[in-house]
Amino acid sequence: MARVLVILTLAVLIALPLWLRPAESSSRGEGRRLIIISPHNEQIRVEFGEAFSAWHQAKYGEPVNVIWNTPGGTSDIRRMLLAQYRAALRAGDTLGGSADLLFGGGSYEFIELRKPIDVEVDGEKRSTTVLQPVAFDESFLHEVYGDVNLIGDDPLWDADGHWFGVALSGFGIVFNREALAELGMPEPTRWADLGDPRMLGHVSLVNPAQSGSISTAFEAILLRRGWNEGWAILRRAAANARSFSASSARGPIDVAQGDAAAGICIDFYGRYEAQAVLDAGGGDRVGYVDPAGETRIDADPIAVLRGAPDPELAQRFIEFTLSEAGQALWQFKPRGEGGSSTAGVGSEGLDAPPLGPSRYELRRMPVRRSMYESPHFERLIDQVNPYELATAVTNPDRNGRAFIAPLFSAMAIDSHHELREAWKAIIAHPAFPSAAERAGDRPAVAADTDDPVLRQMLELFDAMPELTGPRGRRIGLGDPASRALLRDGWLREQWKDEKIWPVEATPADELRRRARAFFIEQYARIVALAARQAQAAARDS
């Protein structure tokens, strides 16, 4: 009962930002209201709100007042919605009703939200989903997405209609050329560059527990570079970090202001910040790069929420976002910056409003395949076809995603002081290999040195914790099968009756607590090794 009360209290606290936050309107329509929950920035909200209202007026004869709720990043929104719907299900209240749509965030968050929520009340099992499936004609979906529902090896839309990708997102590095020059560093081209010792205190990172897009970026590193090397890259970048922001939009701002030299971000945030600095007269000091062969392209979806106040209007908004008029908002220059008023008006005819945003360059990649064909492709600001660039991961492992937030928090955020001190001890070691002495596209690891002390320090630094399984069995995270077993047992609570964690604790929090203790002990041993070696050197001298 105590745990139930705690969960219900947390549900209310998490949902309060949505219930109490003043809504904003980005359209002037005074007709029907459409309420959208979104992590998107103001520029996207303004352009899509006003354009949809105009589109709806032209097609259906009435304007729409688009109201936005922006309670946080996608991961925060997912937790908030799950808590809200779970609490309503448990109380027997009406589900949803406070918003029509969820717009924006990576596909992972939407895949999680399409899964059933189950609760048991007085022996009665109750179930629902946060997302309400909607149906479009197959011909419309084929027109938008083409023959194959994939970008690389990731889906573009949910086959059961729970969500639909409306844009495509890449992930890379935003950097400040002036700050890098002061550090004596070239522009980064790969993830491992963020772990260069010269970057100590000059990397801006985002907490993956609060940002779905950053979790996807971290997952891309793990998938492309492998579990062990991927975590080695993330740990060194974290050791170099000056801060861990709560919002994925914050990193590019820190870099643009010179507070950091580089950071991981979603592609359109990096490109937008570079363009904003250029437009403000700041020159090309801010740049963005997709690490070649090391990133992924992911669908950015939209979905109708169960209990939507106006489901018909919600489905029309999805239809608009997938139309050529909606897709042009992502990548065309603002109207008046190029082309006539009828240039590229799209399939709805010359009487339709001109394509493109009214004020802001959004710098996102459209999902609609026709946007990468003439005459639209010539009007894209970033003339890149993601369907030609995306590749499947050679050895995909979807079991590791669930561990990113708790492990990274324990490894880097909860223990950042200890992590940095250990890293400083390692890079100060006289035998630490430079990039010129090893393969420059990966971090230096224990195998790169013959010095026994430095080798031990690097082994300690890159070690990962084992977790307890049933009957006290110790299970490592080093292979996909073990990760799947631990994910189901711990994070999906299949082992909740095994008394592995305290009954009053959530398994994710307990995993994070135990991992934090492990990492802090490892970091302390590294610092102690360095101190003993320094003392020995002093005696010998």
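The values are calculated or read from the model by the stated rules, or taken from the named source; none is laboratory data. Source: prediction; values computed, not measured. Heads up, the Cβs are rebuilt from the backbone with ideal geometry, glycines too, and the neighbour counts pull from every protein chain shown. Calculation scope for accessible area: heavy atoms of the full protein, side chains included, ligands and nucleic acids excluded. Shrake-Rupley method; radii C 1.70, N 1.55, O 1.52, S 1.80 Å.
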(request) Name the single residue, out of those in the range 178-202 being assigned to a helix (DSSP H, G or I) and of a type in the set (A, V, I, L, M), that is most open to solvent (accessible area, probe 1.4 Å). (result) A181
(request) Output the number of the condition that Q210 fails; it satisfies all remaining conditions of (1) assigned to a loop (DSSP other than H, G, I, E, B); (2) surrounded by 23 or more Cβ atoms within 10 Å (Cβ to Cβ); (3) of a type in the set (S, T, N, Q). (result) (2)
(request) Select from the range 452-470 the residues that are open to solvent by 40 Å² or more (accessible area, probe 1.4 Å), farther than 17 Å from R514 by Cβ and in contact (Cβ under 8 Å) with a residue 12 or more places away in the chain and list them in ascending order. (result) Q456, E459, D462
(request) Among the residues of the range 379-394, write down those that are part of a loop (DSSP other than H, G, I, E, B), within 17 Å of D267 (Cα to Cα) and open to solvent by less than 60 Å² (accessible area, probe 1.4 Å). (result) I381, D382, V384, N385, A390
(request) Please go through the range 248-273 and pick out each residue that is in contact with a helix residue (DSSP H, G or I) (Cβ under 8 Å, 6 or more places away or on another chain), closer than 20 Å to L362 by Cβ, in contact (Cβ under 8 Å) with a residue 24 or more places away in the chain and not polar (S, T, N, Q). (result) A249, G251, P252, V255, A256, C265, I266, Y269, G270, Y272, E273
(request) Scan (1) open to solvent by 40 Å² or more (accessible area, probe 1.4 Å); (2) of a type in the set (A, V, I, L, M, F, W, C); (3) in contact (Cβ under 8 Å) with a residue 40 or more places away in the chain for the single condition L113 breaks and write down its number. (result) (1)
(request) Quick one: A239 ticks every box in (1) open to solvent by 20 Å² or more (accessible area, probe 1.4 Å); (2) closer than 21 Å to P208 by Cα except a single one, so which number is it? (result) (1)
(request) For the range 478-492, state whether one or more residues are surrounded by 14 or more Cβ atoms within 10 Å (Cβ to Cβ), part of a loop (DSSP other than H, G, I, E, B) and of a type outside the set (D, E). (result) no
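Yes/no per residue for (1) without any contact (Cβ under 8 Å) to a residue 24 or more places away in the chain; (2) among the hydrophobic types (A, V, I, L, M, F, W, C); (3) open to solvent by less than 30 Å² (accessible area, probe 1.4 Å); (4) closer than 30 Å to I214 by Cβ:
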residue: F52; (1), (2), (3), (4): no, yes, yes, yes
residue: H56; (1), (2), (3), (4): no, no, yes, no
residue: G61; (1), (2), (3), (4): yes, no, no, no
residue: I67; (1), (2), (3), (4): no, yes, yes, yes
residue: T74; (1), (2), (3), (4): no, no, yes, yes
residue: I77; (1), (2), (3), (4): no, yes, yes, yes
residue: A91; (1), (2), (3), (4): yes, yes, no, no
